[in-house]
Amino acid sequence: MIAWMEGVAADLAAPLLDDGLCTVGTLVNVKHSAAVALGAQVTVEAEFIGRHERLLEFRVRASDPSGEIGSGTHQRVIVSIERLNARAVARTRR
């Protein structure tokens, strides 16, 4: 559920970004409030609620046909794709 929430927020952020930039998740604060039956359809929503420099904040919610199953907030930071990849490569060389 949380991975879906992060993905929906990332998709919502994409049109706000210049070429060469992406977002990475930095904080998730979500309450999982109900069980979901195996095979049930789950809907995930994200609402952009603000920006402070490179930090984007979202309200996230997941539901099934019976109602809400989880909700909370999620933060993503805008980063350079090139710099992100370079740091990831450097980290693996340690």
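The values are calculated or read from the model by the stated rules, or taken from the named source; none is laboratory data. All figures in this text were calculated on a predicted structure; none of them were measured in a lab. Every residue, glycine as well, gets a Cβ built from its backbone with ideal geometry; the counts of neighbours run over all protein chains shown.
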Subject >> Residue among ALA88, ALA35 that is at pLDDT 95 or above and loosely packed, with under 13 Cβ neighbours inside 10 Å >> reply: ALA35
Subject >> Among residues of the stretch 56-67, those that are exposed (fewer than 15 other Cβ atoms within 10 Å of the Cβ) and either among the small types (Gly, Ala, Ser) or over 23 Å from MET1 (Cβ atoms) (or both), counted >> reply: 2
Original post:
Of the residues VAL36, VAL44, which single one is touching a helix residue (DSSP H, G or I) at 6+ places or on another chain (Cβ under 6 Å), among the hydrophobic types (A, V, I, L, M, F, W, C) and under 23 Å from ILE69 (Cβ atoms)?
Top reply: VAL44
Original post:
When you scan the stretch 16-32, how many residues do you find that are touching a Gly at 6+ places or on another chain (Cβ under 9 Å) and loosely packed, with under 12 Cβ neighbours inside 10 Å?
Top reply: 2
Subject >> Odd one out for VAL89, checked against (1) in a helix (DSSP H, G or I); (2) in contact (Cβ under 8 Å) with a residue 40 or more places away in the chain >> reply: (2)
